Amino acid sequence: MREASVARIMVAGTASGCGKTTLTCGLLRLLTRLGPRVQACKSGPDYLDPTFHTRVLGVPSRNLDLFLGGEGLVRTLLAEGGSADVIVIEGAMGFYDGIATSDEASSYALARETQTPVVLVVDARGRALSTAAEVAGFVRFRNPSQVAGVILNRVSPAYYPQLKRAVERETGVAVLGYVPRLEGALLESRHLGLVDAAEVADLQQRVDVVADALEQSLNVDALLTLAKAAPPLSYEPLPVFAPHKDAPIIAVARDEAFSFYYHDCIELLKRLGARIAYFSPLHDERLPEGACGLYLGGGYPELHARALGENAAMRGSIRAAIASGMPTIAECGGFLYLHETLEDSSGTAWPVAGVLTGRAVKGERLGRFGYVTLTAQRDGLLARQGEELPAHEFHYWQTTRDDAAFHAQKPQSMRGWDCGVESSTLYAAFPHLYLPGCPHAAVRFVDACAAFAAGEGGDA
């Protein structure tokens, strides 16, 4: 067991939509202006908020997820997460919102397990003393709550001093500042949450607007004092793997249609000796030269179904590669792309890779959603029969297929279902995997890629 001093703070919210992502991005920009080296993290399995952190800082944001990775791993990722002077963690949903109606795997649970001070973002629009009542409820709901400060959102400069005094008088919690109404800086959403950061052409200008406002309205010195007061972290170092001597090349789809990857999944594949070659199913005609493995992540392929369908060369390249036995992980959007057809948002079906029989169709509402534990029903690429993989599922589009390579079980629930395709060379399913939480699966994937390169691959 080792110990590390890590200055850290969590920006949490009372609910989704309270403005914490906008505030977090502005805070990241302001801190970098002031000189500290900053690392951003995201509580939970969200793919989209970290893209904003990464665009703002130019440094990959990391996910800290107690269900997918466990307490030990999140502590290690915080402790070994780089050479930052301060780490800013953005919370998820409401502070106490975890699995089902519990606080398990919530932002609160992450703050508690890592002893991270929390600044609570409270939307103070349209209220007065009720703001203090809400803060008091959050502070007293758990003991200790980890809440060490408050930032009031959507407050006028003229009204802020009065509201600050009321909240501090009634709750004993320091109010560190406020965010005025900044309608032009709001971040847009779509059916899976925020739009991808790469789609916001004026993102840097919007973030600058927020940072400029925070420079005038936020007590940054007090916030940094809280971060530096966080106690040292006890942790176990990341396991050391002997890098695969053959250094297999894994082709990773990354473009406007496929962008949902956990940073630490890619880093683990690299630590295992794999070389990563990014490519675009939208714009390229074939897989990267020398590729002996394929990773098709999630994203928004449904928004680009026509362009994906019209790129017949790439569809053929991927179909031939998988048919030849190239080890492949295809999660959610990648799984949709392997179907015969994919419907766009208007319901028009376009041809896609055609690896799997069946159609990927538009759903009317969010389907299976949240954390699941996958239990393998047979031996396959990533897991042996009976082994478990932690995963997360979130999608509107559906499949006409009826697969059963895994049983997916929701935690704290009687609900479960069969899903997914797995052979000796293919994992294709809606659930997203977090490979650092199941490193044996990553090892098997890289080993299979190396075997394929050596001409030892199996049949798809």
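FYI, it's all coordinate maths here, none of it is from the lab. Since we're looking at a predicted model, the values are computed, not measured. Ideal geometry is used to build each Cβ from the backbone, glycine not excepted, and the neighbour counts take in all protein chains shown.
Brief remarks follow.
- Point-charge dipole on Cβ atoms (K/R +1, D/E -1) for the chain, about Cα centre, debye to 20: 1040
- Here the range 249-453 is assigned +1 on the Cβ of each Lys and Arg and -1 on the Cβ of each Asp and Glu. Its dipole about the Cα centre then comes out at about 180 debye.
- With contributions of -39500 (n - 2.57) from each DSSP H run of at least four residues, the per-residue ellipticity at 222 nm computed over the chain stands at -9000 deg cm²/dmol.
- Amide H contacts of Leu64 (H built 1.01 Å from N, in plane; Pro and chain starts excluded): Lys42, Ser43, Gly44 sit under 5 Å, all sequence-distant by 5 or more or on other chains.
- Proximal aspartates and glutamates relative to Lys164, as straight alpha-carbon distance under 19 Å, when same-chain residues fewer than 8 apart are discounted: Asp123, Glu134, Glu215, Asp221
- The range 55-155: translational diffusion in µm²/s, Stokes-Einstein, Kirkwood Rh over Cα pairs, 25 °C, 0.890 mPa s: 164
- Size of charge dipole - the range 200-322 - debye, nearest 20, with Cβ of Lys, Arg +1 and Asp, Glu -1, no other charges: 580
- Exposure proxy ranking, count of Cβ atoms within 10 Å, fewest first, for His263, His304: His263, His304
- Loop GluC sites (Glu not before Pro), the range 353-460, which have at most 14 other Cβ atoms in a 10 Å radius of their Cβ (DSSP): Glu364, Glu456
- When the trypsin sites (Lys or Arg not before Pro) in the range 345-375 are filtered for DSSP coil states and for at most 12 other beta-carbon atoms within 10 Å of their beta-carbon, the remaining sites are Arg365.
- Ranked by how many other Cβ atoms sit within 10 Å of their own Cβ, fewest first, the residues Thr375, Thr21, Thr14 fall in the order Thr375, Thr14, Thr21.
- Ascending count of other beta-carbon atoms within 10 Å, so fewest first, for Arg154, Arg206, Arg127: Arg127, Arg154, Arg206
- Rg over Rh [alpha-carbon atoms, Kirkwood Rh] for the range 96-159: 1.02
- Legend: Rg and Dmax of the range 2-235, from Cα coordinates, 16.4, 49 Å.
- For the range 230-324, GluC sites (Glu not before Pro) meeting the loop criterion (DSSP other than H, G, I, E, B) and having at most 10 other Cβ atoms within 10 Å: Glu289.
- Reducing the range 391-460 and the range 303-366 to their Cα centroids gives an inter-centroid distance of 17 Å.
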